[in-house]
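Shown next, in structure tokens, is the structure this report addresses.
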Amino acid sequence: AQSVTQLGSHVSVSEGALVLLRCNYSSSVPPYLFWYVQYPNQGLQLLLKYTSAATLVKGINGFEAEFKKSETSFHLTKPSAHMSDAAEYFCAVSERRGSTLGRLYFGRGTQLTVWP
Amino acid sequence: DAGVIQSPRHEVTEMGQEVTLRCKPISGHDYLFWYRQTMMRGLELLIYFNNNVPIDDSGMPEDRFSAKMPNASFSTLKIQPSEPRDSAVYFCASSLSAGNTEAFFGQGTRLTVV
């Protein structure tokens, strides 16, 4: 089974600063990769996904993520944080084949706080 | 499409009572997932269906939990009897097949068992 590790359960940045949220996966075969965002009292929304096209993926709200096979990583970045980015962010993977095709494996989440 | 629809949004019940959570997935989606979210355990997959058939229910915590998907447009998660430790937010999500498509989440049901 896949495992997803998000380093840092809480990240705090100042408004305008770089946002970096880390995600590593365990599979030796690169899976499909996703970042979701959850605002308070809401469900999860897709930010971006990697499905084997360009390794640098751009998503909504100015976020992007880079797939690095050698590092088994898919870190999420945003050049300049905004107060509205404060939320919880989840990294997820989905296997490309096998009996668990279609299943998403989620990390524990990273709570992003943005200070004015 | 209105997205994944869950009902109720909030449920408060007494310990020992039966609770039924409902989900309507996005039309045409092959997969349906039930998740539970708590502060302690984060987001846990309880069970998922493919074409209305349960594929993996290993995340269902106990026999008190059961899930059904009688047709492609409806699923239920039932807890009987409910206990205070079942208090959580329960999410339903659906997706198309093939794995490279994202799951769409409902707004969740906040369950409180007193």
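Considering the range A:22-69, and only residues there that are in contact with a Pro (Cβ under 8 Å, 6 or more places away or on another chain) and surrounded by fewer than 13 Cβ atoms within 10 Å (Cβ to Cβ), the residue that is modelled with the highest pLDDT turns out to be A:Lys69. Within the range A:63-97, the residues that satisfy the criterion of being closer than 15 Å to A:Val4 by Cα and in a strand (DSSP E or B) are A:Phe67, A:Lys68, A:Ser73, A:Phe74, A:His75, A:Leu76, A:Tyr89, A:Phe90, A:Cys91, A:Ala92, A:Val93, A:Ser94.
Which of the residues spanning the range B:57-109 are within 11 Å of chain A (Cβ to nearest Cβ), surrounded by fewer than 14 Cβ atoms within 10 Å (Cβ to Cβ) and without any contact (Cβ under 8 Å) to a residue 24 or more places away in the chain? Listed by number, the list holds a single entry, B:Ser58.
Sub-6 Å Cβ pairs linking a first residue in the range B:7-35 that is within 13 Å of chain A (Cβ to nearest Cβ) to a second residue that is surrounded by fewer than 19 Cβ atoms within 10 Å (Cβ to Cβ) and among the hydroxyl-bearing types (Ser, Thr, Tyr), at least 6 apart or interchain, are B:Asp30/B:Ser97, ordered by first then second residue. From the residues in the range A:98-116 that are within 14 Å of chain B (Cβ to nearest Cβ) and assigned to a strand (DSSP E or B), which one is nearest to A:Thr51 (Cα to Cα)? The selected residue is A:Leu104. Residues that are within 23 Å of A:Gly102 (Cα to Cα) and in contact (Cβ under 8 Å) with a residue 40 or more places away in the chain were ranked within the range A:39-64; the one that is farthest from the other protein chains (Cβ to nearest Cβ) is A:Leu47.
The values are calculated or read from the model by the stated rules, or taken from the named source; none is laboratory data. Given the structure is predicted, the values throughout are model-derived calculations rather than measurements. Reconstructed Cβ throughout: ideal geometry from the backbone, glycine too, with neighbour counts over all protein chains shown.
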